[in-house]
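K.L.:
Here it is, the structure, as structure tokens.
Taken together, the values in this text are just the output of simple stated rules run on the coordinates, not laboratory data. Just so we're clear, the structure is a prediction, and the values are computed from it rather than from any experiment. Here the Cβ is made from the backbone with ideal geometry for all residues, glycine too, and neighbour counts use every protein chain on show.
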Amino acid sequence: GPLIDVMAHFGTLFAVLLYFRRDVGAAIVGFFDLIQRKLNTGSVLALNLILATPPALLVGAALHFRGIDEMIRSPLLIACTFIIFGIILWLADIKGARNRGMDTMTWKNAVNMGLAQTLALIPGTSRSGITMTAALAMGFTRAESARFSMLMSIPIIAVGGVFSMVKLAGGDGGAAGLSDGLIVAALSFVTAYAAIALFMKWVAKIGM
């Protein structure tokens, strides 16, 4: 039910915020610098995250309120997207220049990654996978591709959590109780943090 969705979302969100706390802090400070029209590393990061976020939110909302998101779910589609986008990720990994850092990211790069993120609304398409594919194709290193992809997840996870909270407030929370929700939040946090830490440590060494 919605209670479990809320707890899972926020457990994962806290894990991402904690692991990337320096980048998150820089982006928050940079956001206020951006308002004052100060350009620095933090404000550019904040701007790029702002530009990368709306496409998936807008398309996701349109699909949900039209009921299309549930209509397109099928095992065959999920199997096909796993295979197709897995191959595309592999090609981007071996063909990409892998010589750019996040400090070289332009607003066009950020928009392209935001557009790529909308493809994750197709069932079976990994959000992090498709955004890292786009970054690798644009020449970013594996570690930097993963880093920006993970930072892009923060507003998406947050909105998902808020949406689940609205559903929870509007009706039955399901069979789960608060203690169940807290267990889910803890497990979500631990597994997400471990997965991110291991992935960021290994991706530069062994590739995708």
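K.L.:
Order of 44-56, 179-191, 28-40 by packing, highest average Cβ count within 10 Å first? Could the numbers behind the result be given before it?
P.N.:
Working: 44-56: 20.6, 179-191: 15.5, 28-40: 13.5.
Ranked by mean Cβ neighbours within 10 Å, highest first: 44-56, 179-191, 28-40.
K.L.:
Relative to the longest principal axis of the C-alpha atoms of the chain, give the angle of the C-alpha long axis of helix 75-95, reported between 0 and 90° and rounded to the nearest 10°.
P.N.:
So the inclination is approximately 20 degrees.
K.L.:
Less than 13 Å Cβ to Cβ from L136, Lys/Arg counted +1 and Asp/Glu -1: what total charge do the surrounding residues give?
P.N.:
Every neighbour counted, the sum reads +3.
K.L.:
Shifting gears a bit: If you consider only alpha-carbon coordinates, what radius of gyration and Dmax does the chain have, in Å?
P.N.:
When restricted to Cα atoms, the chain yields Rg and Dmax of 17.6, 51 Å.
K.L.:
Could you sort 141-147, 88-94, 131-137 so that the peptide with the highest average Cβ count within 10 Å comes first and the rest follow in order?
P.N.:
Highest to lowest by the protection proxy: 131-137, 141-147, 88-94.
K.L.:
Only Lys, Arg, Asp and Glu count, each charged at its Cβ (+1, +1, -1, -1), so figure out the dipole size of the chain about its Cα centre, rounded to 20 debye.
P.N.:
Result for the chain is approximately 680 debye, rounded to the nearest 20.
K.L.:
Cα-based Rg of the range 28-109 per 2.2 N^0.38 Å, rounded to two decimals? Kindly include the intermediate steps, with their values, before the conclusion.
P.N.:
Numbers: Rg = 18.0 Å, N = 82, 2.2 N^0.38 = 11.7 Å.
Compared with the compact-globule rule of thumb, the range 28-109 sits at 1.53.
K.L.:
Nearest 10 degrees is fine. How inclined is helix 107-118 to the longest principal axis of the chain, computing both from alpha carbons?
P.N.:
Roughly 30 degrees between the two axes.
K.L.:
Also, quick follow-up: I'd like the orientation of helix 54-65 relative to the chain: the angle between its Cα long axis and the longest Cα principal axis, in ° from 0 to 90, rounded to 10.
P.N.:
The helix 54-65 is inclined about 30 degrees to the chain.
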